[in-house]
Structures are given as C-alpha cells and as structure tokens.
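Participant: Would you mind keeping the following structure in view while I ask a few things?
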Ligand SMILES: Nc1ncnc2c1ncn2[C@@H]1O[C@H](COP(=O)(O)OP(=O)(O)O)[C@@H](O)[C@H]1O
Ligand code: SF4
Ligand SMILES: [Mg+2]
C-alpha cells in the first residue's frame, strides 16, 4: 500500500449537491422497541467532493447512505438532491434520481449476480434507462471495462472468474454505466486485500477527477478515508459527533470519540507511537434500541459530566466548517 501514491482530488467548488437535514431512520424491532439507526443527522455534500463517513460497525453508516440514496424511506427529516426533496419526487423524477445516484457495495462477491455475464451486469442499468442499444451498448460496455482497468474480453465472462479487486472494478463499472453524478461507496475496499485497497481507491479518485463525480465514502479504515476524503464525518451510535475537513479532523480532532478513534490507528513509525498517547476506549457500544437521553457517548467518555447524560449535545459549528456535538467543546 505504501508504495502507491495517492493523489488527492482537486480543490472543489462549494456548491451543495446533497443536503441532509435532521435525518432520522428508525426501525421498529419489536413491541415498544425502536432501533434508532440514524438519529437527527445533518450534513451537506458539495459537488465534486468526497465526504468520508466513519465510525464503528453498527453506528448507522450504511443506513445513512441507503436513506440518502432513497433506498430507505426516512422516518423524519429531509434529503435535498440538487435542491429538490427526494421524498416528493414523482415517478419520472424518481427514475431520473436513480440514474444520477448510484451505490458501490462492500461485498464484491455478494453484489454481482453469478448467473449473469459481466457485460450484462454492466449493461443492465443502460437497458433500464434506455441509454444505448445494439452496437452502441456493446461499445459503451467495452469503454467502461477499459475505464476501470479491465478489458473487453472480460465482458463475456462470469463474476466467479474474477478476483475480489477485479469484481469491485466490475461493481464500479456497473455504477458508472448510467453516468451518475453521485456515488455512495459503502466500504468498497473493506473486503479486499490490503495490497489491492489502494489500487481501488486510486481508481475511484481518478474517475472522480475525470468525470466530476461526488462521493459519499463510507469506511471504518480511518487511514484510507483520510486520503480520499475532502471532509470527514464521524458517526457514533446513530449520531454525527464531528464533521470537518480531513486535515482539521485528523490534525485537531475535538470530540472525545474522534480523539479515541484516531489514537487507535496503528502508526508504522515506532517513535511516533511512543510519543502519541493512545486512548483506550472502555466499555461496549451501547444498544441503539430505545437509547437513553443525553450524549450517546457518555457511558464511555472519560470527560463525561452529569449534564452529558441529561441533555443531548447540539451539533454546532465551533470553528469555521468544523462541527462538533459535545457539551465541553
Ligand atoms: N433493516 C434493518 N432492520 C432493523 N435494524 C437494522 C436494519 N438495518 C440496519 N439495522 C440496525 O441499524 C444499526 C445501524 O446499522 P448499519 O447502518 O448497517 O451500521 P454500519 O453500516 O455503520 O455498520 C445497527 O444496529 C443495525 O443492526
Ligand atoms: S457531551 Fe459529555 S459525554 Fe459526550 S462526548 Fe462530550 S464530554 Fe463526553
Ligand atoms: Mg455498513
């Protein structure tokens, strides 16, 4: 991984593509039991940028990504795509939105239909949206395969003939086939060998620069998300606890949870390890079912005060474009 140079995306213009306002996604999981997977989360995604979304498993990243894509209906709150509320789309607008917003899944093994050829997997969206037919369709599929570093001979093969990294390239080609503006990348490298991860990340960055794509990049690998993201949001148990530019978030994290997460990243340089204070996260992540009032992190926070378990901290801008939800910041 280290030998592969990662080129950061260009500076971005600040035009909002997606606005998420007080988004809630609850699942009813039993009598009187509500699982608050996403609970009052707000953020913007600018055109052409990559917004990273990190947090421990189960904190609501996938649910957030799927709700933003319109795959789940929101329990409450608003999602505006290019200024339009996605819950109010009519049939035609909905179809247009499903073309403009795509997803790349975590598991490159489960997400490709094993009975379809690679060409048909990539061509499916082209057919649904009636974009190309005949020779034009074939040429488009060949072009997409080339774009993601595969070749046209691969079109007639089946998913099982490919490695994990190649399958993820197929997943990317499928997402690109219908020329989207926005892609949710849901842990696209977590299932891949470390040696392949940087290749796929570099491919995503190259495609973003060439095609002007906007990404929501979900990850639990904090070191990789730093390289690809312009800004990073940190989730904890359904809440967004901090959001800032990658540089600010990694350089001066303000939320106790972010500080703990970052201090847990292994550092290759032993000197740096010694000089860095590791913060051990104590206790378990509590259940998102019928959560207690107050700060969700209170049970594990070494700075917790009585107010923390009484009042939910507001998500506020404490420095320009640096948002934190903590009573002490
Ligand atoms: N369809 C569902 N029904 C009930 N609970 C769900 C559903 N999808 C996710 N959850 C729960 O919501 C929480 C957040 O899950 P998820 O968004 O997958 O987290 P992450 O992607 O951060 O690992 C978890 O507690 C999970 O069990
Ligand atoms: S609000 Fe309180 S418990 Fe929550 S992170 Fe801040 S100090 Fe810790
Ligand atoms: Mg997930």
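Participant: Quick check on the range 51-68: of everything there that is away from ligand 3 (no atom under 13 Å from the Cβ) and within 15 Å of residue 101 (Cβ to Cβ), which residue is surrounded by the fewest Cβ atoms within 10 Å (Cβ to Cβ)?
Facilitator: Applying the filter and picking the extreme gives 51.
Participant: Go through the residues of the range 69-77 one by one and say whether even a single one is in contact (Cβ under 8 Å) with a residue 12 or more places away in the chain, buried (at least 16 other Cβ atoms within 10 Å of the Cβ) and within 16 Å of ligand 3 (Cβ to nearest atom).
Facilitator: Yes, that holds for at least one residue.
Participant: Need pairs with beta-carbon distance below 7 Å; first residue in contact (Cβ under 8 Å) with a residue 40 or more places away in the chain and under 17 Å from residue 223 (Cβ atoms) and within the range 53-67, second away from ligand 2 (no atom under 16 Å from the Cβ) and in a helix (DSSP H, G or I); sequence gap 6+ or separate chains.
Facilitator: 53/61; 53/64; 54/222; 54/225; 55/61
Participant: Modelled with pLDDT under 95 and either assigned to a helix (DSSP H, G or I) or away from ligand 3 (no atom under 16 Å from the Cβ) (or both): is that true of residue 311 in this structure?
Facilitator: No: the conditions fail for residue 311.
Participant: Sticking with this one: Hey, any hits in the range 190-211 for a residue that's within 16 Å of ligand 3 (Cβ to nearest atom), at negative phi and assigned to a strand (DSSP E or B)?
Facilitator: No: zero hits.
Participant: Test residue 243 against the stated conditions and say whether it is within 16 Å of ligand 2 (Cβ to nearest atom) and either closer than 17 Å to residue 329 by Cα or surrounded by fewer than 24 Cβ atoms within 10 Å (Cβ to Cβ) (or both).
Facilitator: In short, yes.
Participant: State all residues of the range 148-165 that are under 19 Å from residue 104 (Cβ atoms), assigned to a helix (DSSP H, G or I) and at pLDDT 95 or above; if no residue qualifies, say none.
Facilitator: 154, 159
The values are calculated or read from the model by the stated rules, or taken from the named source; none is laboratory data. If you're wondering where the values come from, they're calculated on a predicted model, not measured in any experiment. Every residue, glycine as well, gets a Cβ built from its backbone with ideal geometry; the counts of neighbours run over all protein chains shown.
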